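The values are calculated or read from the model by the stated rules, or taken from the named source; none is laboratory data. Predicted model, so just to flag it, every value in this text is computed and none were measured. Methodologically, a virtual Cβ is constructed for each residue, glycine included, from the backbone with ideal geometry; neighbour enumeration extends over all protein chains shown.
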Amino acid sequence: MDSQHPAPRQATVRDLVAVVFRQKWVIITVVGVTTLSVFLLNLRTPTTYESTSKVRVERGRKETTLQPNLRVLPWSEEISSELETITSYPVARQAQDLLDTWYRDGKVSRRIRFNRGGTSAQVIGESNVINISYTSQDASVCRPVADAVTEAYTLFRRQSLSIPEATSFFEERITQSQKDLDALEKEKQDYLAKVGTGGAASREDEVGSLLAQAEQKLMGVQGQIAVLKQELDTGTRLVKAGNYDATYFTDLKFENVYTLNALRQQVMKARIDHDNLAATLTPEHPELIAAQQSLDTAESMLKHEVLATVDLIRSKLQQVGTEERELERQVAGYRREVISIPQYAVELDRLNNAIQLKRDELKDLKSKQLLTQVNQATSPDYTVTLLSPASAPSPKKTKDYVRMALAPLMSLVVGLLLAFFLDSLDHSLRSPVDVEEHLGLPVLAALPESRR
């Protein structure tokens, strides 16, 4: 017997097919799981939409009219900075403000809160043209948000590269300086109206005359107050005593003196009539009762009118007291002014100097504003040009049918490789050929496989 083993037998197609059939469930499982997973992922993946606008960025501009040098940064540095600027927070915040404004103005139908992460920017080749895109699952917001981001970026570049801050600064300063100048000139006019054009001496004579007149009026008012207080005290005592028909009230000569005289005479007549009837008639007599009623009515009317007279005295006293306080205030003011008259010339010089300084400041600000406007006119107003507005939203991620078709094929290859790998790990003898190959002995007989 030859001790050497026979040469290994070459695998045939039949052997390969046999391996496939032995590991068929492995292949079927790999293909099935992969295909099902890809199918479910495609079903669960939402469709997103994208709108894109296109802008062109200027790569250089003049500094000022005094420095007409063209400033150009390296292309990679400048364009990378622009891409980061488009997706930056300041641009996003300004874009949101624009969307809110458009909603209030009715340009968009609903309020939009866009996601900053949906904004992207990409440069086209080696050019200065940038695509600005916005991606969202809601197709209705893609175009307005893309337009808002584009406009916000344009405004940001215009504000950062031009000089609107300087313009607004000069406008605010000129407006404030003009207001200050107007206030100083009005203060001077009021001062001149107060002291007069004749100077301090003329104003001193005028204030002295006004002070004398005010003091004289004050003395007259104080005397009137003393008289009114006396009248109020006497009238109050008479009222408390019930002496309403005293001649004192008619002697005051107020506006109701005729009414008081008429009521007093009416009371006296009613009292006389009552006394005459009381001397001849009993208290239950109708004429005496009517006379008593007439007397009571007349006395009530007289009492009411007397009380009104006392109130009138009190009201006049309050009115004259107010006039006294006003005159005291005027007198005190005139006296203070007399003391401060020597300072009028100093105050006038101060106002004149302040007005001149403010005029010089206003002239200087206007000159600098003109120079700023010239610089702004000779520099580009903005460095971003809109080439095309946002496009209509288009689906960015649809069902990937190619992947769904390739997945089973790729999984079939993986399944076959896995099947051959697993089969290579199995060293059992499955056929007479395997026995003869590995043992080197001939197979005399074999029992066929049977299934019950």
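Taking interchain pairs and intrachain pairs at least six residues apart, which have beta carbon atoms under 7 angstrom, with the first residue in the stretch 40-54 and within 28 Å of L386 (Cβ to Cβ) and the second at pLDDT below 75 and not polar (S, T, N, Q)? As it stands, the answer is T48/K396; T48/K397; Y49/K396; E50/K396, since those pairs meet every condition given.
Kindly indicate which of L161, L73, L66 is modelled with pLDDT under 80, among the aliphatic types (A, V, I, L, M), exposed (fewer than 13 other Cβ atoms within 10 Å of the Cβ) and farther than 30 Å from K358 by Cα.
Numbers: L161 fails: exposed (fewer than 13 other Cβ atoms within 10 Å of the Cβ); L66 fails: farther than 30 Å from K358 by Cα.
Just a single option satisfies the conditions, and that option is L73.
Residue pairs whose Cβ atoms lie under 8 Å apart, separated by 6 or more positions or on different chains, with the first residue in the stretch 115-128 and under 17 Å from L99 (Cα atoms) and the second surrounded by 12 or more Cβ atoms within 10 Å (Cβ to Cβ) and of a type in the set (S, T, Y), are N115/S136; R116/T87; G118/Y134; G118/T135; G118/S136; T119/T87; T119/S133; T119/Y134. Candidates in the stretch 209-246 are the residues that are of a type in the set (V, I, T) and touching a residue at least 12 places away in the same chain (Cβ under 8 Å); of these, the one that is nearest to S300 (Cα to Cα) is V239.
Here the condition is being assigned to a helix (DSSP H, G or I), surrounded by 12 or more Cβ atoms within 10 Å (Cβ to Cβ) and not assigned by TED's automatic domain parsing to the domain that holds I225; of Q265, Q369, it holds for Q369 alone.
Can you give me the number of residues within the stretch 36-55 that are of a type in the set (S, T, N, Q), at pLDDT 80 or above and over 30 Å from V129 (Cβ atoms)? Show your work before the answer.
Our first condition is that a residue be of a type in the set (S, T, N, Q); within the stretch 36-55, this holds for 37, 42, 45, 47-48, 51-53.
From what's left, at pLDDT 80 or above: 37, 51-53.
Okay, now just the ones that are also over 30 Å from V129 (Cβ atoms), so 37.
Matching residues across the stretch 36-55 total 1.
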